[in-house]
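No value in this document is a laboratory result; all are computed from the given coordinates. All of these numbers come straight from a predicted model, not from anything done at the bench. Reconstructed Cβ throughout: ideal geometry from the backbone, glycine too, with neighbour counts over all protein chains shown.
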Amino acid sequence: MTIYHFYPMTKEYASIICTWKYSAPYSMYNMDDSNECICELMNDEYFYALDSDNQLVGFICMGNSARVPGGYPTGIYEHDDRLDIGLGLRPDFTGEGKGQQFLLQGIDYLKQHHYAQNLQLVVAAFNERAITVYERAGFVRGMSFMSRIGNKQVEFLSMTLAL
């Protein structure tokens, strides 16, 4: 079993993450390597993850950084007992069966450092691969909503996990 170690985001790792490119249809998760993108990851809500070989494998985020704008009008972010989370795996790790372990260890890290009764995440509705990982970890499907990504509307699904 690979052990992942989570650390507060640094500029070095934010710079690398902002260059990651995913193939279609997951390309909507691509960032750019602009200074704005790097600065967005440089807050106390982002954490990078290294494997036992000290290789960058992904990131997790929480709070406002994990929220999708289209979720606000639906009211999903109005629950004080929920910690919003988000995560991303390095592109070459996706689809390789590594997501479950990464998610569970990320949840453990957040539970150790941030009190929450429940976790909530939002995922693109087409991303069945990720939804399967989340459901195996105990997340339950909730409300779906639309949010603008670039110049198109994308359907998203909220999911919650009781801790």
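Straightening the chain between SER34 and ASN64 buys 8.7 nm, computed as 0.36 nm per residue apart minus the Cα-Cα spacing.
Taking other Cβ within 10 Å of each residue's Cβ, how do VAL122, VAL154 sort, fewest first? Please list the in-between numbers first.
Numbers: VAL122 24, VAL154 17.
Lowest to highest Cβ neighbour count: VAL154, VAL122.
Distance from the C-alpha centroid of region 69-85 to that of region 33-50: 21 Å, rounded to the whole angstrom. Take every pair of alpha-carbon atoms less than 8 Å apart whose residues are at least six positions apart; their mean separation over the length of region 60-163 yields a relative contact order of 31 percent. As a calculated quantity, the FRET efficiency between ASP80 and SER144 at R0 = 30 Å, using C-beta atoms, amounts to about 0.85. Does region 68-136 come out rounded, prolate or oblate by the C-alpha gyration tensor, with a ≥ b ≥ c the root eigenvalues, rounded set by a/c under 1.5 and, if not, prolate when a/b is larger than b/c and oblate if not? It is oblate, given that a/c is not under 1.5 and a/b is not larger than b/c.
Where both partners of a DSSP beta bridge lie in region 5-162, what percent of those bridges are antiparallel, to the nearest 5? Please list the in-between numbers first.
Working: 29 of 32 bridges.
Close to 90 percent.
Within the listed set LYS11, LYS111, LYS21, the Gaussian network model of the chain (springs between alpha-carbon atoms below 10 Å) gives the highest mean-square fluctuation for LYS11. At the listed q of 0.12, 0.19, 0.21 Å⁻¹, the Debye profile of the chain, built from one uniform point per Cα, gives log10 I(q)/I(0) equal to -0.50, -1.42, -1.78.
Report the full-extension gain for the segment SER23 to SER52: residue separation times 0.36 nm, less the Cα-Cα distance, to one decimal in nm.
Contour length minus Cα-Cα distance gives 7.8 nm.
Within the listed set GLU135, GLU45, GLU78, the Gaussian network model of the chain (springs between alpha-carbon atoms below 10 Å) gives the highest mean-square fluctuation for GLU78.
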